[in-house]
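So the structure is just underneath, and the comments pick up after that.
Readers should treat all values here as calculations from the given coordinates under stated rules, not as data from a laboratory. Being a predicted model, the structure only gives us computed values, none of them experimental. All Cβ positions, glycine included, derive from the backbone under ideal geometry; neighbour counts span all protein chains shown.
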Amino acid sequence: NVEFLQCLNQTHHSKRWSKSREKLDFRKFASHLVRRVFGYIATKADHEMLNASSNRHLKGDGLEVMTQAMMINLQNLMLHNVDSSSDQVTWREEKLFAYCYNIVFRAGYLSLYGNEAFDSKTSQEKAKEKDRAESEALYDEFRKYDQLFPRLAYGVLPPKKRREATKLLEYFWNVLSVQKLKGRDNISRWIWDVQEGKDNAGVKEDMITRYMFVLLWASQGNTGPSSFWLLLFLMKHPEAMRSVKEEIDKAVRESGQEVKPGGPLVKMSREMLMKTPILDSAVEETLRLTAAPLLTRAVLQDMTLKMADGRQYFIRQGDRVALFPYSAIQMDPEIHPDPRSFKYDRFLNPDGSKKTDFYKAGNKVKYYTMPWGSGASMCPGRFFATNELKQFAFLMLLYFEFELINPNEEIPEIDYSRYGFGTMQPDRDLQFRYRRRY
Ligand code: HEM
């Protein structure tokens, strides 16, 4: 694995890799997994359709719409129950992982799958309240599935737990059914284009509904845990916290807005989010340390993998090759000195611009961190995901002071049973407290 990635990182790797690409296929393995875990039968057109919709709606200009939706939903969830009157700025205490995962999951879900519809009979406030309640219930069930997931994916879930997983799937298929989605407001184009594309291609409605849960899983399983690590690293590194906070306050000032008690909520555009290189670097560093996907490919034809050091491996049709960039790249001390430490400015040049030059044995490394995977199956939500993390951190820092109850508490270990499934989760939670700044 390490050597294979080193082979990818060779200066003249591109030809060799694209040749391998025809012989190494991610779809075969992915469709096997989604069938077993999500009861969804993949079609050949899935990948193209998803890519087309993602290119249109999860990056570039399409992201502006998603950013606005995310902002509204985050504010609804984060600010509704926090007292803003200046004489009553009380601390609230919560568990950090539970808090971050809950808020980011629910805001992401509402932004992609839409809000409760409101009309003359349902006031906007009532609709918002319903959004909060409904997304909370969905989150609770999602976490149950999340906890069963690794053993489900490995096929080692005992029968009782398997029945629980089946029940949960039925719950999601009910809540996310195409019929129910049709009754919602602000459903994202990303979801809707995929739904329509499948419908036009003659895919049965219950299979489309199952796909809706596959997408919920792919889109909401990683951002919550990542946002936890980001806040935790900031709290454990006061200099990082200070630098990011200053950057955010400046971005708000430069946009001509002011946060004050009882004042209007801050409007955040994608443009504002593009002026935060320090936060970008902190996010990248967080993902380097905590995103550990295992990238599995099916071998379609016999082939020889040539390594950087000249060694060759013969792999057979029917074999599987798995890459684990976490250990091969992200934790490589030559590419990232002192790789276990969080350095918020690791991805910054001295002039404050984004750093992309990393070296190994004197050669520039093209893949220096791979939280999103690579090649054809690279995460299509990566721009939106980065935005989500930044928006959440932005609002936390803008509206709240927050700190660990025990500032000396060690950063928890990762839960190794989830190794290979995207962003790692901690093996325990930590208490923190927050209160409004204004
Ligand atoms: C921090 C957050 C996230 C991380 C670390 C992450 C990481 C990944 C990784 C590693 C893969 C598999 C790549 C491979 O096998 O080569 C993937 C796939 C995927 N991700 Fe993400 N992801 C995140 C958030 C999101 C979001 C927010 C969305 C959607 C809005 C999303 C949508 C997807 C989809 C649909 C796939 C499957 C792609 C396919 O089958 O071609 N992800 N993600």
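If you find the alpha carbon centre of the stretch 257-286 and of the stretch 104-128, how far apart are they in angstrom?
Here the two parts' Cα centres lie 23 Å apart.
Using modelled backbone amide H atoms (1.01 Å from N, in-plane), which distant-in-sequence or interchain residues come within less than 5 Å of residue 115's amide H?
Excluding prolines and chain starts, which carry no amide H, the hits are 185, 186, 187.
Within straight cross-link reach of residue 23, meaning Cα distance under 16 Å, which lysines are found once same-chain residues fewer than 8 apart are removed?
15, 306
Can you spot the lysines whose alpha carbon is less than 22 Å from residue 236's alpha carbon? Ignore those fewer than 8 places along the same chain.
Hits, sequence-local ones excluded: 95, 245, 343, 390.
Return the whole-Å distance between the Cα centroid of the stretch 26-62 and the Cα centroid of the stretch 135-171.
The stretch 26-62 and the stretch 135-171 have Cα centres spaced 21 Å from each other.
If amide hydrogens are placed 1.01 Å from N in the peptide plane, which non-local residues have theirs closer than 5 Å to the one on residue 405?
431, 432, 433
Assign unit charges at the C-beta atoms only (+1 for Lys and Arg, -1 for Asp and Glu), then state the dipole size of the stretch 30-168 relative to its Cα centre in Debye, rounded to the nearest 20.
On the way: 21 positive and 19 negative charges, 214 e Å.
That gives a dipole near 1020 debye.
Nearest 500 deg cm²/dmol is fine: what mean residue ellipticity at 222 nm does the chain get from its DSSP H runs of n ≥ 4 alone, each adding -39,500 (n - 2.57), divided by its residue count?
Details: 16 runs with 227 residues, N = 438.
Helices in the chain give a 222 nm mean residue ellipticity of -17000 deg cm²/dmol.
Once amide H atoms are placed 1.01 Å from N in the peptide plane, what residues at a sequence separation of 5 or more from residue 360, or on another chain, have their amide H within under 5 Å of its amide H?
365
Arranged by the count of other C-beta atoms within 10 angstrom, fewest first, what order do 187, 103 take? Can you show the working numbers first?
Numbers: 187 18, 103 21.
By the 10 Å Cβ count, ascending: 187, 103.
Need the list of aspartates and glutamates near residue 167 for cross-linking: C-alpha distance under 12 angstrom, and skip anything on the same chain fewer than eight residues off.
Cross-link targets: 141.
Mind scanning 28/366; 250/354; 59/275 and naming the pairs with a C-alpha gap bigger than 25 Å? Display every interim value, and only then the final one.
Working: 28/366 27 Å; 250/354 19 Å; 59/275 17 Å.
Over 25 Å Cα-Cα: 28/366.
Of all beta bridges DSSP finds with both residues in the chain, what is the antiparallel percent, to the nearest 5?
Details: 25 of 26 bridges.
Antiparallel: roughly 95 percent of the beta bridges in the chain.
Looking at 57, 317, 147, which one has the Cα that reaches farthest to the positive end of the dipole of the chain (charges on Cβ: Lys, Arg +1; Asp, Glu -1)?
Looking along the dipole axis, the top candidate is 317.
Which order, highest average first, do 256-269, 293-306 follow once you tally other Cβ atoms within 10 Å for each residue and take the mean per peptide? It would help to have the intermediate numbers written out before the result.
On the way: 256-269: 13.1, 293-306: 17.0.
Put in order of decreasing packing, that is 293-306, 256-269.
How large is the charge dipole for the chain, taken about the Cα centre, if only the Cβ atoms of Lys, Arg (+1) and Asp, Glu (-1) carry charge, to the nearest 20 debye?
Working: 66 positive and 57 negative charges, 289 e Å.
Dipole magnitude for the chain comes out near 1380 debye.
With a ≥ b ≥ c taken as the square roots of the eigenvalues of the C-alpha gyration tensor of the chain, please select rounded if a/c is under 1.5 and otherwise prolate if a/b is larger than b/c or oblate if it is not? Mind dumping the intermediate values first?
Working: a/c = 1.72, a/b = 1.19, b/c = 1.44.
Taking the square roots of the gyration eigenvalues as a ≥ b ≥ c, the chain is oblate.
Can you grab the distance from the C-alpha centre of the stretch 173-237 to the C-alpha centre of the stretch 355-377, Å, no decimals?
Cα centroid of the stretch 173-237 versus Cα centroid of the stretch 355-377: 29 Å apart.
What list of ³J(HN,Hα) values in whole Hz, one per residue of the stretch 45-57 in order, does the Karplus curve 6.51 cos²θ - 1.76 cosθ + 1.60 (θ = phi - 60°) give from phi, with Gly and Pro shown as x?
Running phi through 6.51 cos²θ - 1.76 cosθ + 1.60 with θ = phi - 60° gives 7, 3, 5, 4, 4, 5, 4, 4, 5, 5, 4, 6, 10 Hz.
Report the one residue of 218, 294, 273 whose Cα lies farthest in the direction of the positive end of the charge dipole of the stretch 183-308 (charges on C-beta: Lys and Arg +1, Asp and Glu -1; origin at the Cα centre).
Most positive-ward Cα: 294.
Placing +1 at every Lys and Arg Cβ and -1 at every Asp and Glu Cβ, with all other atoms neutral, what dipole size does the stretch 244-359 have around its Cα centre, in debye to the nearest 20?
On the way: 18 positive and 18 negative charges, 73 e Å.
That gives the stretch 244-359 a dipole magnitude of about 360 debye.
With the dipole of the stretch 378-435 worked out from charges on the C-beta (+1 for Lys and Arg, -1 for Asp and Glu) around the Cα centre, which of 394, 383, 431 lies farthest toward the positive end?
383
Please work out whether the stretch 379-438 counts as rounded, prolate or oblate from its C-alpha gyration tensor, where a ≥ b ≥ c are the square roots of the eigenvalues and a/c under 1.5 means rounded, while otherwise a/b larger than b/c means prolate and anything else oblate? Walk me through the numbers on the way to the answer.
Details: a/c = 4.16, a/b = 1.15, b/c = 3.63.
Cα axes put the stretch 379-438 in the oblate bin.
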